[in-house]
Amino acid sequence: MRQTKFLIVKVSTLVLMLGSLIATSQSYAGGEMPSKEACESPSSAAVKGGCVMTDRKKGNCMACHQFKGIEQTTLQAGNIAPPLVAMKQRFPDKAKLRAQVWDATVANPDSSMPPFGRHKILSDDEIDSIVEFLSTL
């Protein structure tokens, strides 16, 4: 009887641990590209921004940029543009970062980055979400 109770406690503990691991792997911790599961129903603006950035029909940012988390997918990052690292330090002012995403040619007329806002490639809401995601990197 005592061994049965011990076994039930052990199995219950194992089930709880596995459940928490599965839930953690599907949630978004920030600082890297969100998973496909997280993109199905984005839980925050940052998650939505990461999803827009990796959507080939939207931002498609990984075509030119490298950022954390992309190496865990079948996507290949580009090397045309700078890697998206230390973005909070590089752009402490979110307004400047937003302006860069909205139209990079204002700061650098020779930029090959599409003017996502000026050309209405992305909505203002999508650009705001991208800025929130970039601020986690």
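The values are calculated or read from the model by the stated rules, or taken from the named source; none is laboratory data. Given the structure is predicted, the values throughout are model-derived calculations rather than measurements. Heads up, the Cβs are rebuilt from the backbone with ideal geometry, glycines too, and the neighbour counts pull from every protein chain shown.
Brief remarks follow.
- Residue match in region 55-68 (condition: of a type in the set (A, V, I, L, M) and part of a loop (DSSP other than H, G, I, E, B)): no
- Residues in region 106-121 include at least one that is closer than 28 Å to E37 by Cα and loosely packed, with under 15 Cβ neighbours inside 10 Å.
- Checked against the criteria, R118 counts as modelled with pLDDT of 90 or more and farther than 18 Å from L134 by Cβ.
- Selected residue [surrounded by 14 or more Cβ atoms within 10 Å (Cβ to Cβ), under 23 Å from T136 (Cα atoms), among the hydroxyl-bearing types (S, T, Y) and at pLDDT below 85] from S25, S35, S44: S35
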